[in-house]
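**Q** After the structure tokens below, expect a handful of questions from me.
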Amino acid sequence: ENTEFAGRYGRLLPDLRSNTTDALSRQALAALRALNRRSDALEAELSREVRGFPEAREPAHFAEMQNRLAPDELLVETTAFEKDGVKHYGAFLLGHSGGVRWIDLGRSESIDQGARDLIAAANDWSVSLARHEKQAAVSAERTALRALREVGRQLGPLLTAIDEYPSVHRLRISPDGALTLMPFSA
């Protein structure tokens, strides 16, 4: 809305995946720049209109984060980092009662690929459903479920660590890298 790309965002991603051209890539970059400009403008507007917004942008402090968690909540902060020149993922776990736990999730390339596969399959599935393409929808759903299982396998150490908090009933997930695209509710 309010950009030269109004109405194009929804079609741009499927177009990029199925029919990439230099012109389409340039459009995608222009769209990202337009989104960034719009985001900056909204942030500036919020900082003028919403009391306390500038302070909310200050770095969070460990004790504050811990105090804001309910006794049955766990903060899962994933982070992408470089180790020996290779991108990895890890996660910090923070509970209300204290203590930070670190989980190394390993090299990120397979997690990133699994996330991309899952997003692509989910998009294909939703497009197929919208177009009433039953066979394509079934195939895309199978692909999405395979990708979801693979990502789940890769995130296994994190899931095992979360299971060690039996009193936790709610997760607050703060993803990083390609994990920001993951449908964690799935």
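The values are calculated or read from the model by the stated rules, or taken from the named source; none is laboratory data. What you are looking at is a predicted structure, and each value in this text was computed from that prediction instead of being measured. We place every Cβ from the backbone using ideal geometry, glycine too, and count neighbours over all the protein chains shown. Note: accessible area is taken over every heavy atom of the protein model, side chains too, but ligands, DNA and RNA are not part of it. Shrake-Rupley method; radii C 1.70, N 1.55, O 1.52, S 1.80 Å.
**Q** Is it true that some residue in region 167-179 is polar (S, T, N, Q) and within 17 Å of residue 74 (Cα to Cα)?
**A** Yes, the conditions are met somewhere in region 167-179.
**Q** Answer yes if at least one residue in region 104-116 is at pLDDT 85 or above and crowded, with 19+ Cβ neighbours inside 10 Å, and no otherwise.
**A** Within region 104-116 (the criterion being at pLDDT 85 or above and crowded, with 19+ Cβ neighbours inside 10 Å), the answer is yes, since at least one residue qualifies.
**Q** Step by step: first the residues of region 88-102, then only those that are within 18 Å of the chain's Cα centre (by Cα) and without any contact (Cβ under 8 Å) to a residue 60 or more places away in the chain, then the one that is surrounded by the fewest Cβ atoms within 10 Å (Cβ to Cβ). Which residue is that?
**A** 92
**Q** Also: Are any residues in region 152-179 part of a loop (DSSP other than H, G, I, E, B) and open to solvent by 40 Å² or more (accessible area, probe 1.4 Å), and if so, which ones?
**A** Answer for region 152-179, where residues must be part of a loop (DSSP other than H, G, I, E, B) and open to solvent by 40 Å² or more (accessible area, probe 1.4 Å): 164, 165, 166, 167, 169, 175, 176.
**Q** Here's a check for you: in region 117-138, which residue that is among the aliphatic types (A, V, I, L, M) and under 24 Å from residue 177 (Cα atoms) is surrounded by the most Cβ atoms within 10 Å (Cβ to Cβ)?
**A** 118
Residues checked against (1) surrounded by fewer than 14 Cβ atoms within 10 Å (Cβ to Cβ); (2) modelled with pLDDT of 75 or more; (3) under 23 Å from residue 163 (Cα atoms):
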site: 13; (1), (2), (3): no, no, no
site: 33; (1), (2), (3): yes, yes, no
site: 52; (1), (2), (3): yes, no, no
site: 56; (1), (2), (3): yes, no, no
site: 73; (1), (2), (3): no, yes, yes
site: 80; (1), (2), (3): no, yes, yes
site: 83; (1), (2), (3): yes, yes, no
